[in-house]
Amino acid sequence: MQKIKNVDSVLFKFVIFGAAGTMALGNVGVSPVIPEIEKFFSDVPHIDFLSKFILTLPALFTLLFAPLVGYLMDKYNRLGFVLLGMFIWALSGMAGIWLENIYWMLFSRAILGVGTAALVVGIPVLIGDYYSGDKKDKALGLMGFAQVFGGAVLIAISGFLGQLGWHYAFWVYAIEIIALLAAFFILFEPERKAEQAGDNKEAFSLLKFTFLYLIGFILYLTFMSMPIQMPYLLKIVLGKDPQTIGLIIATVIFVAAFSPLFYAKIKQKISVPVIFFLCFVVMAVGFVMAGTLENTAGVIIGGMLAGGSFSVAIINATSHLFTLAPLTQRAKAYGVFGMLLAFGQFISPLFSQSLVNAFGLQAMFVICAGVLLFLGLVSLFLKKGVAT
């Protein structure tokens, strides 16, 4: 079968953005059943912390492997590592179907992180290579939509499967097998030879990406507190069951998915630092609403505001990073970015649970809002460092 090299074709877009959609499932795919897993392993010491690492341990190994993957992708090729990552991701994600030992389960989640490293670096970089200019911004917006929309649908499925037993929720990772086969037959390795000679003359430097790296880290540190702690907020404060929790989280993500589709138009009218500022303010409002209103509508609306603005902020950072990075250094630059996103994800349960233990579950949401407001103000004062 001859591969399609028309990156604007419907089939090609369906495959590349479909792969991006499954990528979003990695860490939070089984979040609706985390309280049930914690109950099942209630005799295990410190299970309140260990259960949350089911969601975030993959981020540690993404953190460790993302820079290496980025280096190898720039040195060799992009697509081969993406396909390998999809294979690892599918097998390790499905391992929870059969495992009944919390430590073996955490081991499988660590392997999932290795596969995730190839996906979170490789898929955005492939999209950045396939498209340029306004098409790149539109493509990144579609990627953001696919990630959030795919996550919403798959988390909802996970919640329904979880009603049969928490083991069944892990079947949702089987979707990656289909995505892998489609990517193998349709996607192709981008051409980079035309720009390679000129790009190689410029030494790689992390300094020009510093503020973007800081933004990405804090965004994931704070935002990941929401999917980690929201199931407990819904169960403890509002008394919801796992299926309802899954539907509420999926609804929040589903509606928020559409915000990235407007990114290209937003960027035409608003500068990069102002986009960051507005996103942080809206995220802060969403966190306050979700944490303090004590009703289902408040949680849903607050979650949608936080999720939608988070998606736009991450795309804004990614687009600007691709603008700053030469073509042959793009994967290395994004590899470090992916590492810091993963680091934010990994320490988010420690960050959020420590705040919950010290100040209470609802206060944690308010504190995260304060951090986001501060970062928004910093992005304006330091706008010369990120302005286009």
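The values are calculated or read from the model by the stated rules, or taken from the named source; none is laboratory data. Computed from a predicted model, the values in this text were never measured in an experiment. Quick reminder, even Gly has a Cβ in these numbers, built from the backbone with ideal geometry, and neighbours come from all protein chains shown.
For region 10-22, state whether one or more residues are surrounded by 23 or more Cβ atoms within 10 Å (Cβ to Cβ) and more than 17 Å from residue 176 (Cβ to Cβ).
no
Mind counting the residues in region 63-94 that are among the small types (Gly, Ala, Ser) and surrounded by fewer than 18 Cβ atoms within 10 Å (Cβ to Cβ)?
1
Determine whether residue 79 is at pLDDT below 90 and aliphatic (A, V, I, L, M).
The answer is no for residue 79.
Cβ-Cβ distance below 7 Å, separation of 6 or more or different chains: which pairs start in region 225-249 with a residue that is without any contact (Cβ under 8 Å) to a residue 24 or more places away in the chain and crowded, with 24+ Cβ neighbours inside 10 Å and end on one that is part of a helix (DSSP H, G or I) and of a type in the set (Val, Ile, Thr)?
Qualifying pairs under 7 Å: none.
Tell me the residue from 130, 76 that is of a type outside the set (Gly, Ala, Ser) and farther than 15 Å from residue 16 by Cα, please.
After ruling out the rest, the residue left standing is 76.
Determine, yes or no, whether residue 145 is under 21 Å from the mean Cα position of the chain (by Cα), modelled with pLDDT under 90 and in a helix (DSSP H, G or I).
Taking the combined requirement at face value, the residue satisfies it.
Can you work out which of the residues in region 351-388 that are at pLDDT 85 or above and in contact with a Lys or Arg (Cβ under 9 Å, 6 or more places away or on another chain) is farthest from residue 307 (Cα to Cα)?
Applying the filter and picking the extreme gives 353.
Restricting to region 120-164, name every residue that is of a type in the set (Ser, Thr, Tyr) and either surrounded by fewer than 23 Cβ atoms within 10 Å (Cβ to Cβ) or without any contact (Cβ under 8 Å) to a residue 40 or more places away in the chain (or both).
130, 131, 132
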